[in-house]
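A.B. asks: Dropping a structure here in structure tokens format, bear with me for questions.
The values are calculated or read from the model by the stated rules, or taken from the named source; none is laboratory data. Quick caveat, the model's predicted, so the values are computed rather than measured. Note: ideal-geometry Cβ built from the backbone for every residue, glycine included; neighbour counts use all protein chains shown. These area figures cover heavy atoms from the full protein model, side chains too; ligands, DNA and RNA do not enter into them. Shrake-Rupley method; radii C 1.70, N 1.55, O 1.52, S 1.80 Å.
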Amino acid sequence: MEDISIFGSFAKGAPSTAKERSSANCVIYTRVSSKEQADKNMSLETQRRACNEYARKYGLAVVADFGGTYESAKTDERREFKAMIDYVKRCREKVSCIIVYSLERFSRNDNSIWLSGQLRKLNIEIISVTQPIDTSSPAGQMQQKMLFLFGEFDNELRRQKCMAGMRDKLLDGDWPTMQPLGFDRVRVDGKKKIVVNAKGKLLREAFLWKAHEGVTNETIRARLAERGLKLNHQRISEIFRNPFYCGLIVHRMLEGKVVKGNQEQLVSHEVFLKVNGLLDRNTHGYTIREENEAIPLKRFVHCDDCGKPMRGYIVRKKGIHYYKCSTVGCCNNKNAKWLNDHFMDILDYFRLDVDTEVRDLIRTQTIATFNQHTQGNEDRYRVLHDEYAKLQKKITRLEERFIEEEINRDLFNRFSEKFALEKKELEASMAKASERVSNLDECIDLALDFASEMPSRWDSSDYITKQGIQNLVFPEGIRYIKEKRKSRTTRINSVFLYIAYLQQVTAKKERGIPELSLDYASFADLVAGSRIELPTSGL
């Protein structure tokens, strides 16, 4: 016979390195699903004893023992589990199998089949003491995969039942997860109730400060810190917008419904709505979302003395509307018609009154400036959006694990606060990065057309539209100076500010905007701060 051994260098594949289990090493992994099971010693010792007995029976040397604690099998982010996987991969030349009491002790998610296949490529098999399967054949491997699938299916059924039970509790007015800051869960007459604690009483004061004094969140934060309750600005905003504090329950599982809760009510519905700007106070009590076209500047105009927003009211005997500072004793009242006319005079400075050539120049400059400011935002927004989606999954997973008692309350609270802060920061970054417009040319043309008739447009609009125009031109509102019968502002929309500046230059006026207490020099500084390059030709 012809000798073909010389062709060995052309052969493909590596010689089989399959180990004989009769002389191989192994590791043992045991776990239970919850701390309660671990404390009661329901199965850990049983699992360990059975795995060691199996190893002795088949001549396997146990080189490491992992687990022995409570870990969820729904994800592969478990500390002991990861340590075990890292160990067998690192020592794959010495370890041939992982012994578990049952396959569900190993993993119960859709990643289990893939992971078992990856381990098999390293000649590491998963052996179940109570489910003896020969995985050396395709049929045995199929049996193991089916058992993994049944484990995942069972998990999904349990999760569905758990979520259904949680939704039923929410509909009944019972809060099933960790109660918000300011509440304790106590047992009264054999029943669990959520009641206001000492921190809650401080938060009640914060609601009242906001509702009756109109102070800023930063002021409230400082006052609470003086009383021993330290919160960041974002946390205070979250508290003020959480209906739980006025006795109601909202949750994504309620699918848009608002349910009356069984918890102790910290503040009234009226106070909560007023804090969130949904109520106005008048002589007859509270009216929800009052939209009175005679007083469109309410809460937009602030008192220059104390900084509080000015609200609107009517003297019914005379039928005259007024704006009034919300601070007791401030006495900064002004006839609504006069202040409205005063505001129209201010808007007239932002009215575009130029010929076509200059208008086209403004249009070109505005588009260039906008593109410069938003360059690179789209890519950043996509990255932030992906991070936000991942964070939302982490939050959902954290709540599920707490509901299913896989983690304790301390861990839940710690990570809830961490995730909440990350979420707020991402939302702020996404809002900043989302300043992009697909039809920019059309939007700029619309803005210029609007600016050409701004005062009359504001005067003839309804309440909602007037509010929109006001906040568009003056994002931080204006302050009324009672003694001087003038106003001032800290910020003007850069597009309209440029238009006003152009009116000054073309008309060769040096008086600025007297109604806003802006002279020519300070006015020019504001324009420079808006980062709009002024054209020097054609003027």
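A.B. asks: So which trypsin sites (Lys or Arg not before Pro) in segment 162-270 are both in a DSSP loop and have at most 16 other Cβ atoms within 10 Å of their Cβ?
C.D. replies: Here the trypsin sites (Lys or Arg not before Pro) that fit, given the DSSP loop and packing criteria, are Arg227, Lys230, Arg241, Lys257.
A.B. asks: In segment 214-265, what GluC sites (Glu not before Pro) fall in a loop by DSSP, with at most 13 other Cβ atoms inside 10 Å?
C.D. replies: Hits after loop and neighbour filter: Glu255.
A.B. asks: List the pairs from Lys334/Lys486; Lys318/Lys482; Lys324/Lys484; Lys390/Lys423; Lys324/Lys486 whose alpha-carbon separation is above 19 Å, in the order I gave them.
C.D. replies: From the list (Lys334/Lys486; Lys318/Lys482; Lys324/Lys484; Lys390/Lys423; Lys324/Lys486), the Cα-Cα distance tops 19 Å for Lys318/Lys482.
A.B. asks: Label point 7 Å out from Arg227 along Cα-to-Cβ: which residues of segment 163-201 have amide N under 20 Å?
C.D. replies: Within reach of a label on Arg227, which here means backbone N under 20 Å from a point 7 Å along Cα→Cβ, segment 163-201 contributes 180-185, 195-201.
A.B. asks: Something else: Using protein chains only and a probe of 1.4 angstrom, how many square angstrom of Asp341 are accessible, to the nearest 10?
C.D. replies: Looks like 60 Å² after rounding.
A.B. asks: For Val250, tell me the accessible area in Å² from a 1.4 Å probe, rounded to the nearest 10.
C.D. replies: Roll a 1.4 Å probe over it and Val250 shows about 60 Å².
A.B. asks: Ordering Trp338, Trp114 from largest to smallest accessible area (1.4 angstrom probe), what's the sequence?
C.D. replies: From most exposed to least exposed: Trp114, Trp338.
A.B. asks: Separate question: So how much slack lies between Ile4 and Lys390, counting 0.36 nm per residue of separation and subtracting their Cα-Cα distance, in nm?
C.D. replies: Gain on extension, Ile4 to Lys390, equals 133.2 nm.
A.B. asks: Let me ask something additional. Need the full-extension length gain, Lys192 to Asp355, defined as separation in residues times 0.36 nm minus the C-alpha distance. One decimal, nm.
C.D. replies: Stretched fully, the Lys192-Asp355 segment lengthens by 51.3 nm.
A.B. asks: Just grab the label-to-label distance for Thr219 and Val258, each label 7 Å out from Cα along the Cβ direction, in nm (one decimal).
C.D. replies: In this crude label model, Thr219 to Val258 measures out at 2.7 nm.
A.B. asks: Could you put Thr396, Thr177 in order of accessible surface area, largest first, with the 1.4 Å probe and the full protein assembly present?
C.D. replies: Thr396, Thr177
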